[in-house]
Amino acid sequence: MFAARALRSSTPVLRRAQQTRLQSTLQGAQDNAFNRERQAVKDHAAATSDLWRKLSIYVVIPSLLIAGVNAYRLWTEHWEHKSHEPPLEERVEYPYMNIRTKNFPWGDGDKTLFWNPKVNHHKQDE
Amino acid sequence: MSDDEERVTMPFKFVTGFDARFPNQNQTKHCWQNYVDYHKCILAKGEDFKPCRQFFIAYRSLCPASWTARWDDQRDAGNFPLRLDQ
Amino acid sequence: MSNLNRSIFQGHPFHLVSPSPWPLFTCISLLTLTTSAVSGMHGFESAGYWIPSALILVISSMFLWFRDVISEGTYIGNHTLAVQKGLNMGVALFIVSEALFFLAIFWAYFHSALSPTVELGAQWPPIGIEAINAFELPLLNTVLLLASGVTITYSHHSLIQGNRNGALYGAIFTLVLALVFTGFQGVEYSVSSFTLTDGAYGSCFYFGTGFHGLHVIIGTIFIGVGFWRMLAYHLTENHHLGLESSILYWHFVDVVWLFLFLSVYYWGS
């Protein structure tokens, strides 16, 4: 409400400002160093965005595919090899493994957050 | 105190001589290395192999008995944190 | 308001913020979070209720505060060039502080890994700990993050050019790649044979990758907000500081991952 009254050209400064603004919308942006730089950035952006588009399609997608296939191959190899190892319970549990100075506040207190019984084992000999 | 006459201050010397691999104050690794080397030695060469004794004397003088006792227990239990046969 | 109108009311281009409850609200929510977390770790059962409530409080305080910043910048027009420069500096300094945080994490890792203690058998990784093959999932994750850096750069340049479709698609692909990265890290965590409790190795590994993962999630949300603002026509070709900040943050997250990959996954195995 206060702003609306101010905009109604009640002061000479505002009237001049409004006129300048009306003039500038009819003629486009003023030609000064600031605007020239902005236009240069915008023109340059067209070229660089095309570069990044090409990179995204012709470099990114093939490298993702290669890395993906490689990871999949190693993954299956790894689990195939794992199945031939001795079972979890027979592995040596070194004194620095499965340290429990205090139990966890969830579940039975012994399993970590991402505990997976297929690969994690905690010897409970006490 | 009457004890003073019987005590003599001597500069510190390692029993097996200075080992340049462990020059600093913290001698933990020195103790560990000798313990490991002794046991690797007797595993590889047998208990009667004379040169192994050097390591034995070194670790017995350097290491706290509680450490060697703990490591002996770990070796017996099979979870000593090093492969002694490699 | 335009700078011309502003000059009637203030003789400087800066933004003197009007009174806001969000700083105090944020303080209270953070205090609730820390005290509830600490009490939970000391066995108080009530923390099971307080910790999630505190988390909701913190997230809502950030949401409400940033919503106000967006209103002030996009709708009210308080973010003059001078204000933008200041905000940019602020974001850069924040990222520097995050870098120092990760420096501490890497320090802890190298302290343990360069001279492993006798309790670990003076070797790294210690026996019994099966290090993750760096060229399996971690390499794929590296490619994913680098790819997301490429796509977000494309999105940024498209935005400057005025190419709305390019900007949106670039942002979508970045988000997808980021989510896939997070998913794969989750998979890694669940199939890893060693846990956080497995001595210094487990601690250092999960400390580094865990906090990095948290920052990836934060960065994903940051870019997600930028993407939503693009959709909602908030951003212009030369005024999109929120998006630029999210891109800077994302590049930082990427760099931290590269360090992690080289020093923890590759060197540490």
Filter region A:79-92 down to the residues that are out of contact with any His (no Cβ under 8 Å at 6 or more places or on another chain) and charged (D, E, K, R), then identify the one that is farthest from the other protein chains (Cβ to nearest Cβ). A:E80
Is there a residue being aliphatic (A, V, I, L, M) and not in a helix (DSSP H, G or I) anywhere in region C:97-110? no
Residue check: is A:P87 exposed (fewer than 11 other Cβ atoms within 10 Å of the Cβ) and out of contact with any strand residue (DSSP E or B) (no Cβ under 8 Å at 6 or more places or on another chain)? yes
What residue, of C:L196, C:L159, C:L214, C:L179, is aliphatic (A, V, I, L, M) and crowded, with 23+ Cβ neighbours inside 10 Å? C:L159
Output the residue which, of all residues in region B:19-57 that are over 24 Å from C:Q123 (Cα atoms) and outside any helix (DSSP H, G or I), is nearest to the chain's Cα centre (by Cα). B:P51
Among the residues of region A:115-126, write down those that are out of contact with any Leu (no Cβ under 6 Å at 6 or more places or on another chain) and either under 20 Å from C:V187 (Cβ atoms) or at the interface with chain C (Cβ under 8 Å from one of its Cβ atoms) (or both). A:W115, A:N116, A:P117, A:K118, A:V119, A:N120
Within region A:106-114, can one find any residue that is under 18 Å from C:G186 (Cα atoms) and loosely packed, with under 11 Cβ neighbours inside 10 Å? no
Spans of helices (runs of 4 or more DSSP H) in region A:1-120 with at least 3 residues at pLDDT 85 or above: A:33-55, A:61-82
Hits in region C:32-52 (condition: of a type in the set (A, V, I, L, M), without any contact (Cβ under 8 Å) to a residue 24 or more places away in the chain and under 24 Å from C:F222 (Cβ atoms)): C:A37, C:I51
Do we have C:S263 as surrounded by fewer than 18 Cβ atoms within 10 Å (Cβ to Cβ), under 24 Å from C:I132 (Cα atoms) and of a type in the set (S, T, Y) here? yes
The number of residues in region B:65-86 that are at the interface with chain C (Cβ under 9 Å from one of its Cβ atoms) and aliphatic (A, V, I, L, M) is 1
Do any residues in region C:53-76 that are assigned to a helix (DSSP H, G or I) and hydrophobic (A, V, I, L, M, F, W, C) have Cβ atoms under 8 Å from those of residues that are surrounded by fewer than 13 Cβ atoms within 10 Å (Cβ to Cβ) and at pLDDT 95 or above, where the two are at least six apart or on different chains, and which pairs are they? C:W65/C:P23
Write out, first by first residue and then by second, each pair whose Cβ atoms fall under 8 Å of each other, whose residues are 6+ apart or on separate chains, and whose first residue, in region C:116-143, is more than 7 Å from chain B (Cβ to nearest Cβ) while the second is of a type in the set (V, I, T) and buried (at least 17 other Cβ atoms within 10 Å of the Cβ). C:P138/C:I132
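The values are calculated or read from the model by the stated rules, or taken from the named source; none is laboratory data. The model shown is predicted, which means the values in this text are computed figures rather than measured ones. With ideal geometry, Cβ positions are generated from the backbone for all residues, glycine too; neighbour counts draw on all protein chains shown.
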